[in-house]
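Everything below concerns the one structure shown next.
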Amino acid sequence: MLGASPTHSVTKGQEIVGRETGKVRAAKTGMWRLCASDREPEDIDGQIREIFSQITAEVAVWQSITKKYRANLFCGAFMSETNDGLSISPQSMAVLAERGIELWFDIYAPLQDIAPTDLCPCKSGKTYAECCATKTTT
């Protein structure tokens, strides 16, 4: 219906192998994911344009999807300074609103007191050096 293939998808009940643990579990819900390229500094509007240029603009299609399924746009923002900010244009908010899409954020601020060998605060299960530290370096 969306006119694009997902970057990643899972159906409810599908067996999933944990990346870190290798344990097999059944997916509790289905998921269809389309990812945008990373951008530095953060460019939420550019990423929204990138994603929506690949899929249907038909609002009626989106309305039928969001009547049956929960739709969200998830953004992970890795800030280079403690007091960095980001903005989203009214045009991007309108694209999401008219399609019934929620906007979700995880915002990661730089950490002063974390060692490279500590577990990453984003809860990935990796060390900070293997995970978010690589996303905040320039």
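The values are calculated or read from the model by the stated rules, or taken from the named source; none is laboratory data. Note that the structure is a prediction, hence the values are computed from the model and not measured. As a convention, Cβ positions derive from the backbone with ideal geometry for all residues, glycine included, and neighbour counts pool all protein chains shown.
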- Limited to segment 75-84, what total is found for residues that are of a type outside the set (Gly, Ala, Ser), assigned to a strand (DSSP E or B) and free of Cβ contacts under 8 Å to residues at least 40 places away in the same chain? 1
- Message: What's the total number of residues in segment 1-36 that are outside any strand (DSSP E or B), under 25 Å from residue 62 (Cβ atoms) and of a type in the set (Gly, Ala, Ser)?
- Response: 6
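Picking from 97, 26, 60, 36, which residue would you name as being under 19 Å from the mean Cα position of the chain (by Cα), surrounded by fewer than 15 Cβ atoms within 10 Å (Cβ to Cβ) and modelled with pLDDT of 90 or more?
On the way: 26 fails: under 19 Å from the mean Cα position of the chain (by Cα); 60 fails: under 19 Å from the mean Cα position of the chain (by Cα); 36 fails: surrounded by fewer than 15 Cβ atoms within 10 Å (Cβ to Cβ).
Answer to the check: 97.
Here's the yes/no breakdown for (1) touching a helix residue (DSSP H, G or I) at 6+ places or on another chain (Cβ under 7 Å); (2) farther than 26 Å from residue 122 by Cα; (3) not charged (D, E, K, R):
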position	(1), (2), (3)
30	no, no, yes
38	no, no, no
42	no, no, no
55	no, yes, yes
67	no, yes, no
70	no, no, no
73	yes, no, yes
92	yes, yes, yes
- Filter result for residue 78 (aromatic (Phe, Trp, Tyr), touching a helix residue (DSSP H, G or I) at 6+ places or on another chain (Cβ under 7 Å), within 19 Å of residue 131 (Cβ to Cβ) and surrounded by 15 or more Cβ atoms within 10 Å (Cβ to Cβ)): yes
- Quick check: anything in segment 119-138 of a type in the set (Ser, Thr, Tyr), modelled with pLDDT under 80 and in contact with a Phe, Trp or Tyr (Cβ under 6 Å, 6 or more places away or on another chain)? yes
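For segment 37-74, give me each residue that is closer than 13 Å to residue 3 by Cβ and assigned to a helix (DSSP H, G or I).
51, 52, 61, 62, 65
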- Out of curiosity, is residue 90 at pLDDT 95 or above, loosely packed, with under 12 Cβ neighbours inside 10 Å and over 19 Å from residue 36 (Cβ atoms)? yes
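So, residue 127, is that one free of Cβ contacts under 8 Å to residues at least 24 places away in the same chain, surrounded by 15 or more Cβ atoms within 10 Å (Cβ to Cβ) and more than 29 Å from residue 50 (Cα to Cα) or not?
On the way: free of Cβ contacts under 8 Å to residues at least 24 places away in the same chain: yes; surrounded by 15 or more Cβ atoms within 10 Å (Cβ to Cβ): yes; more than 29 Å from residue 50 (Cα to Cα): yes.
So residue 127 passes the test.
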